[in-house]
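*Asks:* This is the structure, below, for whatever I ask next.
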């Protein structure tokens with residue numbers, strides 16, 4: 001192997017990072033640890049969660065690379081997200097206008113990221 005793989009993923013957890021964000025980023029790094037140098041993978045994992053949770057956009061080449069790498073990671077979490085989806089699809093979860101959450105935010109996110117297989121896409125239609 002042309003790069004060192006003897007590093008600990010957990011050292012990259014940020015103090016301010018939520019458990020959910022960290023679990024996704026950690027899963028991404030653990031999945032690809034043996035395929036990318038540490039510095040590159042840490043960067044890609046940050047991009048992965050920035051796109052998935054914050055809706056950030058990057059140059060097309062980066063978006064395509066992360067999209068490809070994200071598929072396997074997100075597939076592993078789809079079962080966990082079924083419960084999240086059920087919660088957000090409930091008419092009990094409404095915005096300030098009284099409109100169910102899934103009828104407002106989720107379709108917008110699906111339109112913004114039609115070609116990405118990331119967290120917002122999994123929750124969308």
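No lab work stands behind these numbers, since they all come straight from the coordinates. A quick note: this is a predicted structure, and the numbers were derived from the prediction, not measured. Neighbour counts run over all protein chains shown; Cβ positions are idealised from the backbone, glycine included.
*Asks:* Could you work out how much longer the chain between residue 53 and residue 31 gets when fully extended? Use 0.36 nm per residue separation minus the Cα distance between them, nm to one decimal.
*Replies:* 6.0 nm
*Asks:* Run the numbers for residue 39 and residue 78: contour at 0.36 nm per residue of separation, minus the present Cα-Cα distance, in nm.
*Replies:* 11.3 nm
*Asks:* What ranking, highest mean first, results for peptides 39-51, 57-69 when packing means the other Cβ atoms within 10 Å averaged over each residue?
*Replies:* Those peptides, ordered most packed to least, come out 39-51, 57-69.
*Asks:* Among 28-35, 71-78, what's the highest-first ranking by average C-beta atoms within 10 angstrom per residue?
*Replies:* Peptide ranking by packing, descending: 28-35, 71-78.
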